[in-house]
Structure formats: structure tokens, C-alpha cells
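Single-structure report; data block below.
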Amino acid sequence: LVFLDTKPDLDQPTIIQYADRAPGGKSHFRVGDSFHLIDLVYASLMSSDNLATKALARATGLTMEEFVAKMNQKAESLGLTSTKFADATGLDAGNVSTALDCAKLITEALKDSLISKITTAPNYTIRSLIRRKKIVLLNTDRLVHYRSEIVGGKTGFIRKSGYCLVTCAQNSTGKKLAFVVLGSPSNRTRFRDMQRLMDWTFSKYNL
């Protein structure tokens, strides 16, 4: 949301830099390669590519400290009273939030049609502007591959917080609901528990 607030030209190419490297997870990108900004947005939201996230923050022209400050300003403006950001990727254990704040945040984020489109796409193909190598991005949210109710979601993991998942789904009447699973012990169980939450809620409540 903070990146998109800067009104970037998403067709603008950017070169991956050494400073964009991140310690957590695997990246589809390497230093010296060039991609359109829209490709990095897909990689960040769909496949949780932390290098792509850092490159997007850098592309705004803000320092990382300024970017994180704007993230915290955004959180305050959205009423996320228990949320504090320490870095742009979520890898820093100093990032804290609650299930309620996560639900509020995804509800707000999915008002943006681009975020909604990206987070529900099962896969997306991009191509390096230098090497012309084709890269297929896969959505880390397994539910979008077989649950038609999903209208957006995001996975997350660091050791301290466990496996997390925030999902927004739409029931048969068109009502959209936010679901949050935090601290799951494995990648598999977060999706299992999320489906149980969704199925139980849709069967018990005529919302």
C-alpha cells in the first residue's frame, strides 16, 4: 500500500542491486538483472520474494528508514493500534501485529484492484529484461488454486511467529469475510486450519 501510494510507473524497469538482497527465503532474482516494477509487485505479493519487496521500497526513492516510517504512518491511519513495523519485508522480529489488525489490513488492501488481482492469481510469468530468462511465479497461498471463494490473501513466516496466513473469502451471498491464522506449526497446517475456519463459518452463519 505504501509503495502504491507513491503512484509509481509500474512499467518502469529497475535493476536489482546488491542492497536488495534479503536473508529470508528464496528469490527469483539476482543482482544485475532488470525487471519492470509490476513484475516485482507480483513477486512480492504472490511468492513472498523479499528481495523484490526491498527493491520496490528502494524504487520509491525513499531510504529504508523513511519507507518503514511511512508504513507505520499508514498503520496508524488505518487504526491498526497494535501494529508496529520494523522493516519492509516482515523478516525482522520487531514487526508486531494482532489477528484483528491483520484482518483490518487485508480488508483495506483488497480495496485496491491490483492487490486483489495479484493475490488471487495462481501463477504469473515474468521475463528478465537483460537475460530474457522466463520466470514462473507461483502463489504461496495454496488455497487460491482450488478454493473459488478466495478474493485475496497473503502468507508469512519467520521462526518467532510461525506459519501465518491472512485470507479474505466471499460466501454465497456475496459477503466478504477476513480470516487470520497465526503461529501455525507448519506450512500444511495453516492451510488446513484456514479451510476449517472458512467452512465452519460459512456453514454456521447466514451472513
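The values are calculated or read from the model by the stated rules, or taken from the named source; none is laboratory data. Note that the structure is a prediction, hence the values are computed from the model and not measured. Neighbour counts are summed over all protein chains in view; Cβ atoms, including those assigned to glycine, are modelled from backbone coordinates with ideal geometry. Surface accessibility is based on the protein's heavy atoms, side chains included, excluding ligands, DNA and RNA. Shrake-Rupley method; radii C 1.70, N 1.55, O 1.52, S 1.80 Å.
Taking the stated definitions as given, is SER128 surrounded by fewer than 19 Cβ atoms within 10 Å (Cβ to Cβ), modelled with pLDDT under 95 and among the small types (Gly, Ala, Ser)? Considered against the rule, which asks whether it is surrounded by fewer than 19 Cβ atoms within 10 Å (Cβ to Cβ), modelled with pLDDT under 95 and among the small types (Gly, Ala, Ser), SER128 comes out as yes. Residues that are open to solvent by 20 Å² or more (accessible area, probe 1.4 Å) and part of a helix (DSSP H, G or I) were ranked within segment 8-43; the one that is nearest to ILE115 (Cα to Cα) is ILE38.
Could we say that THR140 is more than 24 Å from ASP92 (Cα to Cα), in contact with a helix residue (DSSP H, G or I) (Cβ under 7 Å, 6 or more places away or on another chain) and either surrounded by 12 or more Cβ atoms within 10 Å (Cβ to Cβ) or modelled with pLDDT under 95 (or both) here? So THR140 fails the test.
Among the residues of segment 152-176, which ones are within 24 Å of ASN206 (Cα to Cα), in a strand (DSSP E or B) and open to solvent by 30 Å² or more (accessible area, probe 1.4 Å)? Within segment 152-176, GLN170, LYS176 qualify. Looking at (1) at pLDDT 95 or above; (2) of a type outside the set (Lys, Arg); (3) within 16 Å of the chain's Cα centre (by Cα), find the lone condition where SER27 falls short. Going through the list (1) at pLDDT 95 or above; (2) of a type outside the set (Lys, Arg); (3) within 16 Å of the chain's Cα centre (by Cα), SER27 breaks only (1). Of all residue pairs spaced 6 or more apart or on separate chains, those with beta-carbon atoms under 8 Å, a first member in segment 192-207 that is open to solvent by 50 Å² or more (accessible area, probe 1.4 Å) and a second member that is in a loop (DSSP other than H, G, I, E, B) are PHE202/GLU149; PHE202/ASN171; PHE202/SER172; ASN206/THR173; LEU207/ASN171; LEU207/THR173; LEU207/LYS175. The lone criterion from (1) surrounded by 14 or more Cβ atoms within 10 Å (Cβ to Cβ); (2) modelled with pLDDT of 95 or more left unmet by GLU149 is number (2). All conditions in (1) farther than 15 Å from THR107 by Cα; (2) in contact with a helix residue (DSSP H, G or I) (Cβ under 8 Å, 6 or more places away or on another chain); (3) of a type outside the set (Phe, Trp, Tyr) hold for VAL151, with the sole exception of (1). Evaluation of THR14 against the conditions (1) in contact with an Asp or Glu (Cβ under 8 Å, 6 or more places away or on another chain); (2) in contact (Cβ under 8 Å) with a residue 24 or more places away in the chain shows that the sole unmet condition is (1). Considering only residues in segment 104-130 that are touching a Lys or Arg at 6+ places or on another chain (Cβ under 8 Å) and either among the aromatic types (Phe, Trp, Tyr) or in a strand (DSSP E or B) (or both), the one that is nearest to ASP141 (Cα to Cα) turns out to be THR125. Among residues of segment 60-84 that are at positive phi, those with a beta-carbon under 9 Å from a residue that is at pLDDT 95 or above at least six positions away or on a different chain give the pairs GLY61/THR6; GLY79/ASP101; GLY79/LYS104.
Total residues in segment 121-148 satisfying the condition of being hydroxyl-bearing (Ser, Thr, Tyr) and either under 13 Å from ALA43 (Cα atoms) or in contact (Cβ under 8 Å) with a residue 60 or more places away in the chain (or both): the figure is 4.
The rows are residues; the columns are (1) in a helix (DSSP H, G or I); (2) exposed (fewer than 15 other Cβ atoms within 10 Å of the Cβ).
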| position | (1), (2) |
| --- | --- |
| LYS54 | yes, no |
| GLY61 | no, yes |
| GLU65 | yes, yes |
| VAL68 | yes, no |
| ASN72 | yes, no |
| LEU80 | no, no |
| ASP87 | no, no |
| CYS102 | yes, no |
